[in-house]
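Read-outs throughout are calculated quantities, based only on the coordinates presented, and are distinct from any laboratory measurement. Just so it is clear, the model here is predicted, and its values are computed rather than measured. Using ideal geometry, Cβ is built from the backbone for each residue, glycine included, and neighbour counts are taken over all protein chains shown.
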Amino acid sequence: MDAGSYEEKFSFRLTRLGVFSVVGALVILLVFVTLYLVAFTALREYIPGYADVNMPKKVYELQQRADSLEIIFRQQNLYITNLRQVLLGKEVPDNTPPGKNDYVNYDTITMKISAEDSLLRAEYEQQSKYNLNQNQTRTYSYAPADLGNMNFFPPIKGIVTRSFDSKLDHYGVDIVARSNSAIKAVLDGTVIFSDWTLQTGYIIGLQHRNNLISVYKHNSSLLKQEGAYVKAGETISIVGASGELSTGPHLHFELWHNGAPVNPEEFIAF
């Protein structure tokens, strides 16, 4: 209706059926819109009890990471245990079970030796008859190239009374110093062994980068415990004469690289 002329512009009638139809259509439209938002948008994550769509993937990644960390932890624990056995002078047991490849048919493998292999074996045996060095003890690479650029801190200042000699199973150097002198770490590292042994007394071992291990024996006291991180030049023990193999107050110092002993005098000025 026009406000000035009171002329009717349009009109409509409300019936009960019409009202129900309009309300029903609006309700259905609202339901479809809600279902669409819940199914295809991030709003569904706010519904109580509805899990995150990325949760299974995250759980799987965390499980894989946890398994990897567990394997690394077991390997490190086995490495430290074997190193402890070596430092204590005990034999390291080989607990690795004999493996068998399920993809190989061992029944089809023949042990027949070829003619070329037989000739090579005969030639080697003939040469071995006159080889005078075949029973010599193994030698080590005393100066690895990757250690030449490392700056070692002298563990103690003193006089070297016995040098490195692998032929006599002396895998370190003996250094005589003043009584109660402080022994210091040669590099940054972590204490992997700190204990007393019958033969070499109080021992402390450090794990450094590049698979390098430094060992300090015959201490009178140890100042660091296993697991402690130390900096180069930090005091870790006090020189002494502990252990049955000690001949007086001195430090027996060893360097091991990739499982082999190296001559400390080639890298450190004592």
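In table form, for the structure just shown:
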| read-out | value |
| --- | --- |
| Rounded, prolate or oblate (a/c below 1.5 giving rounded, otherwise prolate when a/b exceeds b/c) for the range 145-266 by Cα gyration tensor | rounded |
| Surrounding net charge for Gly172, when Lys and Arg each add one and Asp and Glu each subtract one, Cβ distance under 15 Å | -3 |
| Efficiency of FRET from Cβ geometry, Leu78 and Ala182, R₀ 25 Å, rounded to 0.05 | 0.15 |
